[in-house]
Amino acid sequence: MSRPAETSATMNELLPTRFCWNDPSEVCFLMVHLSLLLSSLAAIGASWTRGRSSIADGAALANVDSRRKGNCGAKKVRSVIDIKMAIKAVPHEGRQTLCSTAVLSGMPKIAILRHMKEAHGLAARTSHLKPLLTDNMLERLWFAVSFVQPGLRRNHSFINMYKNVHVDEKWFFITKVKRRFYLYDDEEMTE
């Protein structure tokens, strides 16, 4: 969206030809005129008045901050306790991703992200399986070693296994080594 030509001409006439960064009133003057591109005249007038009054009160720089900070925008629909109870109602297996947590808790994903950002104790924690040889894995290892045929001078070879059918177990029992859960500080991770 472009501004009319007369607005640009009047702005060019209003901007100072010489500018001193040390003078707070000139800084305030320049900021107000540059904000013409983005604000209405009423907002600029209010900023100008606040800046002049802050300089008159003895401030080194004009304070033209918005007074609405924290008081504007949509009000929160869910309280912190409601969000916490909804997330804790979801089992740990359902809290592996933010999307699954959001769907199972019935909350929007952005509400959970804001809840995490405000430091209410919800964070992602990882669970690592420690790969040690269990009895089952040791038995499988000895089964694989039984197919090795010893040879001369350490020239071992595998038996051709043409009479065996191999079924890959990972399609039936998939074990994830690293899993992520979204848990609160007071919750213990389930293995």
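The values are calculated or read from the model by the stated rules, or taken from the named source; none is laboratory data. All figures in this text were calculated on a predicted structure; none of them were measured in a lab. Note that each Cβ is placed from the backbone with ideal geometry, even for glycine, and that neighbours are counted across all protein chains shown.
A few notes on this one:
- In the stretch 85-117, the qualifying residues are those that are loosely packed, with under 15 Cβ neighbours inside 10 Å and β-branched (V, I, T), and the one that is farthest from E187 (Cα to Cα) is I110.
- Taken together, the criteria exclude L30 from residues that are exposed (fewer than 11 other Cβ atoms within 10 Å of the Cβ), modelled with pLDDT under 75 and either out of contact with any Gly (no Cβ under 8 Å at 6 or more places or on another chain) or in the same structural domain as M116 (by TED's automatic domain parsing) (or both).
- Candidate set: the stretch 49-84, residues that are modelled with pLDDT under 90 and among the basic types (K, R); chosen: the one surrounded by the fewest Cβ atoms within 10 Å (Cβ to Cβ): K75
- Selection over the stretch 92-117 of residues that are out of contact with any helix residue (DSSP H, G or I) (no Cβ under 8 Å at 6 or more places or on another chain) and not polar (S, T, N, Q) gives a count of 7.
- Qualifying position, being of a type in the set (K, R), at positive phi and out of contact with any helix residue (DSSP H, G or I) (no Cβ under 6 Å at 6 or more places or on another chain), among R125, R140, R153, R180: R153
- Which listed residue, of G94, G121, is closer than 22 Å to R179 by Cα, outside any helix (DSSP H, G or I) and either out of contact with any Lys or Arg (no Cβ under 6 Å at 6 or more places or on another chain) or at pLDDT 90 or above (or both): G121
- R154 vs. criteria over 30 Å from I83 (Cα atoms) and surrounded by 12 or more Cβ atoms within 10 Å (Cβ to Cβ): no
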